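Here is the structure we will look at, set down as structure tokens.
The values are calculated or read from the model by the stated rules, or taken from the named source; none is laboratory data. Keep in mind the model is a prediction, meaning the values are calculated, not measured. Here the Cβ positions follow ideal geometry from the backbone for every residue, glycine too, while neighbour counts run over all protein chains shown.
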Amino acid sequence: MNLLIMGKPGAGKGTQAKKLLEHYKLTHISTGDIYREEMKNNSKIGIEAKKYISQGNLVPDDMTNEIVKKVLSTHKYPNGFMLDGYPRTDAQADALDATLNDLGIKLTAVINVDVRDDVLLHRMAGRRVCSNCGHPYHVDYHPPKVKGICDFCGGHLVQRPDDLEDAVMNRLNIYNEKTRPLLQHYQKQGLLRIIDGGKTSDEVFNDIVSKLGE
Ligand code: AP5
Ligand code: MG
């Protein structure tokens, strides 16, 4: 099963991806997580990406396409993969189509997690992530067992710099302008599954699993 998970910033892509990976034993490929790891390591890619990410802008397509192509072509995915946060532009969707075609891989479905803007803003304002493993929490909806500490690895929870108000508004505008139009691309291919992401995360998960079963 090879899936794409799409949706506005803060829609719950990462949260659902983690649940789906466990359920279907998929490999998670999140371009946002890849960039955050590179930034943590202060690598050349991380230093370059930080200029864009901290403002809520997209990292240039060439750089992102090259990373995803390398990840898809150099790893094995025995049960399939879940791409999270990619593609986000026309050029990325075209590059992904070409890479999958070259590798002889077909997408099973594209999940779009649909959430109202006021709900997203509240989710991003309250989001905290583990500074070590990246696991997402929310101060109201998914608090950790011990305040400020990751349930899984004991790392400290922090706020993402791009969850501050100016960067969030920029991310939403960019989504509307560049990423939302891609839904049509996948609708035409008969792959799009739209999910109401405004419910609790367990309900959203159950809805996705039943849609995929259809
Ligand atoms: P990325 O990391 O992909 O960020 P994003 O798309 O903006 O999405 P988020 O990770 O913010 O939200 P999410 O949908 O995963 O929500 P989450 O599950 O955490 O990208 C970051 C940046 O990297 C980009 O802005 C860009 O600069 C760069 N980048 C990445 N990919 C790129 C690409 N392809 N091209 C160019 N640049 C790229 O949930 C949010 C919060 O809500 C959490 O606190 C969670 O606990 C809570 N929550 C989740 N679900 C629910 C629920 N059902 N009910 C209540 N609370 C919930
Ligand atoms: Mg995410």
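Things to note:
- For the range 98-121, taking the residues that are more than 18 Å from the chain's Cα centre (by Cα) and assigned to a helix (DSSP H, G or I), the one that is surrounded by the most Cβ atoms within 10 Å (Cβ to Cβ) is identified as Thr99.
- Flag for Val146 being modelled with pLDDT of 95 or more and either within 21 Å of Val204 (Cα to Cα) or touching a strand residue (DSSP E or B) at 6+ places or on another chain (Cβ under 7 Å) (or both): no
- Residues satisfying the stated conditions in the range 126-152, i.e. closer than 16 Å to Ala11 by Cβ and not aromatic (Phe, Trp, Tyr): Gly126, Arg127, Val129, Pro136, His138, His142
- The range 1-41: number of residues that are farther than 21 Å from Gln92 by Cα and out of contact with any helix residue (DSSP H, G or I) (no Cβ under 9 Å at 6 or more places or on another chain): 5
- Here the range 23-38 is the region considered, the condition is being in a helix (DSSP H, G or I), within 16 Å of ligand 2 (Cβ to nearest atom) and surrounded by fewer than 18 Cβ atoms within 10 Å (Cβ to Cβ), and the residue that is nearest to the chain's Cα centre (by Cα) is Asp33.
- Residue in the range 71-78 that is at pLDDT 95 or above and either outside any loop (DSSP other than H, G, I, E, B) or among the charged types (D, E, K, R) (or both) present: yes
- A Cβ distance below 8 Å, combined with a sequence gap of six or more or placement on separate chains, defines the contacts here; from the range 85-108, residues that are more than 24 Å from Gln16 (Cα to Cα) reach residues that are of a type in the set (Val, Ile, Thr) and within 13 Å of ligand 1 (Cβ to nearest atom) in the pairs Ala95/Val68; Thr99/Val68.
- Per the listing Asp207, Asp196, Asp163, the residue uniquely buried (at least 16 other Cβ atoms within 10 Å of the Cβ), among the acidic types (Asp, Glu) and modelled with pLDDT of 95 or more is Asp207.
- Taking the listed residues Lys147, Lys188, Lys178, the one that is in contact (Cβ under 8 Å) with a residue 12 or more places away in the chain and charged (D, E, K, R) is Lys178, with no other qualifying.
- Counted residues, the range 41-58 - those being without any contact (Cβ under 8 Å) to a residue 40 or more places away in the chain and surrounded by 14 or more Cβ atoms within 10 Å (Cβ to Cβ): 6
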